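Quick note: the coordinates plus some simple rules give every number you see, no bench work behind them. What you see is a predicted model; the values in this text were computed from it and never measured. Reconstructed Cβ throughout: ideal geometry from the backbone, glycine too, with neighbour counts over all protein chains shown.
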Amino acid sequence: MNFHQWNTAPIRGVVTPGEFVAMARTLDPRKDRNARAFWSGLRGAWSSFGECEGDPEADHTEAIDPDEYSDLFAIFRVGWRSTPEIDALPETITIWRGQHGDEPPGLCWTLKRATAEGFAWRHPERPVILSTTVRRSDVALCLHDRDEAEVVLFAPPDEYEEVYYEPEN
């Protein structure tokens, strides 16, 4: 896929995380315009990755592979540009993640503990909340379109704290 095809493809709401990776792998990251197109496409597609969950007509439920995306983030880092949402963050921020307790931390975190609690509740067999402090420069995306105050990191954090979580009945 070339730069023009990438920029004119109807990305939002059409691709799964795996399809996005496959499309991104067709871009030559040595060209700055392709790297910028990667980030533009990612911003448009990221929030839609979970929108079709439960839709029998579309399989958009696959997970985002943190290793695969961290790799792409590094490859296309040259085209990354900060956004007003990222610029508005403090230099260091505390972020939260709700998940299954047996899973390693991923790239998607939130600025709101309550949002993390909601995600933890999706794993009633072993819900956990993780917390860590990161630098603003660790944040690849900051999204507010689903009222999750989501921050997507360039790579999963090396250090984090597992916070006890007791769901309310």
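Overall, the range 22-164 carries a charge dipole of about 760 debye about its Cα centre when +1 sits on the Cβ of Lys and Arg and -1 on the Cβ of Asp and Glu, all other atoms neutral.
Segment Asp65..Ala88, full-extension length gain: 5.5 nm, with 0.36 nm per residue of separation and the alpha-carbon distance subtracted. With the cut-off at 1.5 for a/c, could you classify the range 64-105 from its C-alpha gyration tensor as rounded, prolate or oblate? It comes out oblate by the Cα gyration axes.
Given the C-alpha atoms of the range 22-157, compute the convex hull and give its volume per residue in Å³.
On the way: hull volume 15.4 nm³, N = 136.
Taking the convex hull of the Cα positions in the range 22-157, it is 113 Å³ per residue.
Counted by neighbouring Cβ atoms within 10 Å, the residues His123, His100, His144 run from fewest to most as His144, His100, His123. Derived scalar couplings between HN and Hα for the range 102-109 equal 8, 9, x, x, x, 8, 8, 10 Hz in order, rounded to whole Hz, by the Karplus curve 6.51 cos²θ - 1.76 cosθ + 1.60 (θ = phi - 60°), x for Gly and Pro.
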